[in-house]
Amino acid sequence: MEFDPVVLARAQFAANITFHILFPAITIAMGWILLFFKTQFSRTKDDKWMTAYFFWTKIFALCFAMGIVSGVTMSFQFGTNWPGYMMKVGNIAGPLLAYEVLTAFFLEATFLGIMLFGYRKVSNRFHTFATFLVAAGTTLSAFWIIALNSWMQTPAGFEMIDGKAYATDWLQIVFNPSMPYRLTHMLLASGLTAAFLVAGISAYRWLRGDRVPAVLAAMKTGVYMAAMLIPLQIMAGDMHGLNTLKHQPQKIAAMEALWKTEKSVPLILFALPDEKSQSNRFSIEIPKAASLILTHHRDGEIRGLNEFKGEHPPVGKVFWGFRIMVGMGMLMLVLSWLSAYYLKRRDTLPRPLLLGLLGMTFSGWIATVAGWYVTEIGRQPYLVYGILRTEDAVSTATSPMIGLSLTLYLITYAGLLTAFISTVFHMARKAGIVENAPPKKGVQDV
């Protein structure tokens, strides 16, 4: 049986981007957490902040290295599997990718070295400044990537000449209609991903009896950060949804499994969408809630998939991806607020909440990947919305060639992901042994 080359090419790119996004989702916000630890130490002179800083800098460096390797691999996909993409919109995509490398990647890589190895070689102030530049570099990197991805969703500031896109206004290209919403949503997603990672690993160390002040400080930072960010993410998601309704109504229709244009649309909590019959089986609904959320009117009208025949994404994947993202967000809200309440009143957490934080250590990955799938699958059948269809950009590589490389990618990524998670927990166990050992010359020699 031979699979469609377009399907295999999409699966291969999905595998690459799924693995790659795991690590920027941590480092974008982790840089600012490290800066917080460093400034807290400078302000209070309490060694626990530098102890936390040193431990989490190692994990940041590991994530940074994994992100670089997977990012380089992913970039080859444009030439090997999607040559039509660069041929048609390369005049816009190329510069934006170059800006990301020139203004962000070099900034991060250069000053990361000072963060890791320069603590005893430069002044405390310059070391803090280097941490700030690394944090700023990760955010700037996200800015350029989100600018390009947003342009692919809501293209603006260009003209088509002989079948190729040429820039006419770079400000409109960069700050296209969906860019501010996507950037805000992604930065908050990274903040939640890093917050639950810090809280989860700290809970793991606490459960193992590693109860030095640095662990409690890191756990409080992660929990309080998550508790503050999740309401902001819910509000940002609502605004992002309204923007998507305006510019990509078929994506919203797929997210809600809305087959026909209706007023007073119910919010579907659970259903099994059936594209053949264009209906939802076993549907559990809240009357008029979808109209209220999306139009802010209980009797608001929402366009259905019937208006976009041949132009809408696969419904089931978008529908379930959205619900996984939202469901994970609700779990984050409940757990972070409960944990923040106990930490504020008792300065510790009961064992069930510690286990909950441990179980949610990588919950940010699940929510981020689910949301990314909603965004990217929801753009189908277009690679660049309204300009370039996915099937028109794929290479002439045969199914066996793509299938072989896809298999090798999946095996490699599975091994690397297992190794990464194992290494993080190993570092947590090792840190407990080192930090509970008798002190020698102070935290500066850690």
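List of remarks:
- The long axis of helix 179-207 is offset from the longest Cα principal axis of the chain by roughly 40 degrees.
- Inter-part distance where the range 375-395 and the range 95-124 are each reduced to a Cα centre, Å: 34 Å
- Calculated P(r) of the range 162-283 - Cα pairs past 17 Å, %: 72 percent
- Residue among Ala290, Met219, Leu267 farthest towards the positive dipole end of the range 215-328, charges placed on Cβ: Met219
- Considering the chain, its Cα convex hull presents a mean projected area of 23.5 nm².
- D_trans [Stokes-Einstein, Kirkwood Rh over alpha-carbon pairs] for the range 14-61, 20 °C, 1.002 mPa s, µm² s⁻¹: 184 µm²/s
- With Cα atoms, 0 to 90° folded angle of helix 5-21 axis to the chain main axis: 20 degrees
- Ellipticity estimate at 222 nm from DSSP helix runs (n ≥ 4, -39,500 (n - 2.57)) divided over the chain, nearest 500: -23500 deg cm²/dmol
- Taking θ as phi - 60° and the Karplus parameters 6.51, -1.76 and 1.60, the scalar couplings of the range 236-241 work out to 5, x, 5, 5, 5, x Hz in sequence order, x denoting glycine and proline.
- Take every pair of alpha-carbon atoms less than 8 Å apart whose residues are at least six positions apart; their mean separation over the length of the chain yields a relative contact order of 20 percent.
- Fewest-first ordering of Lys58, Lys38, Lys121 by other beta carbons within 10 Å of each residue's beta carbon gives Lys121, Lys58, Lys38.
- Shape call, the range 61-219: gyration tensor on alpha carbons, a/c limit 1.5: prolate
- For the chain, a crude dipole built from +1 on the beta carbon of Lys and Arg and -1 on the beta carbon of Asp and Glu, taken about the Cα centre, is about 1840 debye to the nearest 20.
- GNM flexibility winner over the chain from Asn16, Asn149, Asn124 (Cα, springs under 10 Å): Asn124
- Compactness of the range 236-393 was expressed as the Cα radius of gyration divided by 2.2 N^0.38 Å, which yields 1.21.
- Per-q log10 I(q)/I(0), the range 337-379, q = 0.18, 0.23 Å⁻¹ (Debye; single scatterer per alpha-carbon; no solvent): -0.62, -0.75
- Only Cα pairs under 8 Å and 6+ residues apart enter the sum, and on that basis the relative contact order of the range 23-172 stands at 29 percent.
- Straightening the chain between Ala14 and Met87 buys 24.2 nm, computed as 0.36 nm per residue apart minus the Cα-Cα spacing.
- The average projected area of the range 209-276, computed from the convex hull of its Cα atoms over all directions, is 8.1 nm².
- Taking only the C-alpha atoms of the range 135-222, the Rg (one decimal) and the largest Cα-Cα distance, Dmax (whole number), read 20.1, 67 Å.
- Selection from Ser75, Val7, Met50, by position along the positive dipole direction of the range 1-116 (Cβ): Met50
- Relative to the dominant Cα principal axis of the chain, helix 315-346 is inclined by about 20°.
- Inter-centroid distance (Cα atoms) of the range 314-338 relative to the range 1-70, Å: 21 Å
- For the range 272-286 and the range 185-253, distance of Cα centres in Å: 31 Å
- Per residue convex hull volume, Cα atoms of the range 370-436, in Å³: 129 Å³
- A convex hull fitted around the alpha carbon atoms of the range 308-430 yields 159 Å³ per residue.
We did not get these values from a lab; they are worked out from the coordinates using the rules stated. All figures in this text were calculated on a predicted structure; none of them were measured in a lab. FYI the Cβ positions are ideal-geometry reconstructions off the backbone, even for glycines, and counts take in every protein chain you see.
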